Amino acid sequence: MREIHVSSIVDAVGKLCMEANYSLEPDMLRAFAGALEKERSPAGRQVLQILQQNAELARTKKIPYCQDTGFVVCFAEVGQDVHVEGGLLTDAINAGIRAGYTEGYLRASIVRSPFDRVNTADNTPGVIHIELTAGANLRIQIMAKGGGCENRSKYKMLTPAEGIEGAKAWVLECIKTAGPDACPPLIAGVGIGGAFEKAAILSKKPLFRELGSPNPDPAADVLEKELLERANRLGIGPQ
């Protein structure tokens, strides 16, 4: 049995929260550079160049890349041979969010309740998903999910007769109607299958994948490539 103290989790999550807001991942920076090589619109090129400049400023000056520092979505993979000592895992994750958003001077956007609308002032609680896995490792991934993209999320229960073509049409419709409201360039997370809450969780997971990486399911990979090509023909450009 491997023991992990909650203090280690708090520290790690706090650093992740700040890093997520200060530094874009290398795959995103490569995507900007690749898009700039292909972009023909002067306005589009200007926006991409500004995004690159903002990324460098955020990284070097340790300031948020965007004023919307999001709410934290966390996926924790907990090995069955791990024992978290000193408190609850969920409390430790929220304490890490609290520390990261306070120490990093990141915007607090979360309210205590959707009914009283009182801001918690530290961006807690996060949205935490816990998955039990084999082994003795604890893997924590966090995402600072901005409200602009999250409020363009949609769900639909398709009839069996609509099949995969219905799913394709729905994904493209969601991207089209989101347009510039979700701050393009857009990364679409799609979840298909299971009950409605399962599909929603599945739609978040691919957002952690490296951009351009193949889907481990060959059939899904073919579908992703088709949707990407069709989505890029929608003409959604800079705001």
Condition set open to solvent by 40 Å² or more (accessible area, probe 1.4 Å) and of a type in the set (A, V, I, L, M, F, W, C), scope the stretch 11-30, selection farthest from Gly96 (Cα to Cα): answer is Leu29
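Which one of Leu51, Leu16 is within 21 Å of Arg209 (Cβ to Cβ), touching a Phe, Trp or Tyr at 6+ places or on another chain (Cβ under 7 Å) and not aromatic (Phe, Trp, Tyr)? Walk me through how you get there before you give the answer.
Values: Leu16 fails: touching a Phe, Trp or Tyr at 6+ places or on another chain (Cβ under 7 Å).
Residue meeting the stated conditions: Leu51.
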So, in the stretch 124-141, of the ones that are more than 16 Å from Asp91 (Cβ to Cβ), open to solvent by less than 70 Å² (accessible area, probe 1.4 Å) and among the polar types (S, T, N, Q), which residue ends up farthest from the chain's Cα centre (by Cα)? Thr133
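With Ile187, Ile175 as the choices, which residue is aliphatic (A, V, I, L, M) and open to solvent by 50 Å² or more (accessible area, probe 1.4 Å)?
Testing whether each residue is aliphatic (A, V, I, L, M) and open to solvent by 50 Å² or more (accessible area, probe 1.4 Å) leaves just Ile187.
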Looking at Ala144, Ala121, Ala161 in this structure, which one is open to solvent by 70 Å² or more (accessible area, probe 1.4 Å), more than 16 Å from Ala200 (Cβ to Cβ), among the small types (Gly, Ala, Ser) and outside any loop (DSSP other than H, G, I, E, B)? Ala161
Please give the helices (runs of 4 or more DSSP H) falling wholly within the stretch 1-90 in which 2 or more residues are over 28 Å from Gly235 (Cβ atoms). 6-22, 42-61
Pull out all pairs, ordered by first then second residue, where Cβ-Cβ is under 7 Å, the residues are six or more apart or on different chains, the first lies in the stretch 1-21 and is more than 19 Å from Val78 (Cβ to Cβ), and the second is hydroxyl-bearing (Ser, Thr, Tyr) and not in a helix (DSSP H, G or I). Asn21/Tyr65; Asn21/Thr69
Contact list, first residue from the stretch 137-157 and within 21 Å of Cys174 (Cα to Cα), second anywhere and assigned to a loop (DSSP other than H, G, I, E, B) and open to solvent by 50 Å² or more (accessible area, probe 1.4 Å), beta-carbon distance below 6 Å, six or more apart or interchain, is Gly148/Cys183
Restricting attention to the stretch 50-78, and to residues there that are under 18 Å from Gly146 (Cα atoms) and among the β-branched types (Val, Ile, Thr), which single residue is most open to solvent (accessible area, probe 1.4 Å)? Ile63
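Would you point out the residue of the stretch 28-43, among those that are more than 16 Å from Arg209 (Cα to Cα) and aliphatic (A, V, I, L, M), that is modelled with the lowest pLDDT?
Residues of the stretch 28-43 more than 16 Å from Arg209 (Cα to Cα): 32-43.
Now drop any that are not aliphatic (A, V, I, L, M), which leaves 33, 35-36, 43.
Numbers: Ala33: 95, Ala35: 91, Leu36: 93, Ala43: 88.
It comes out as Ala43.
The values are calculated or read from the model by the stated rules, or taken from the named source; none is laboratory data. Note that the coordinates shown come from a computational prediction; the quantities given were computed from them, not determined experimentally. Here Cβ is always computed from backbone atoms with ideal geometry, including for glycine, and neighbour counts include all displayed protein chains. To get the accessible areas, we keep the full protein, side chains included, count just its heavy atoms, and leave off ligands, DNA and RNA. Shrake-Rupley method; radii C 1.70, N 1.55, O 1.52, S 1.80 Å.
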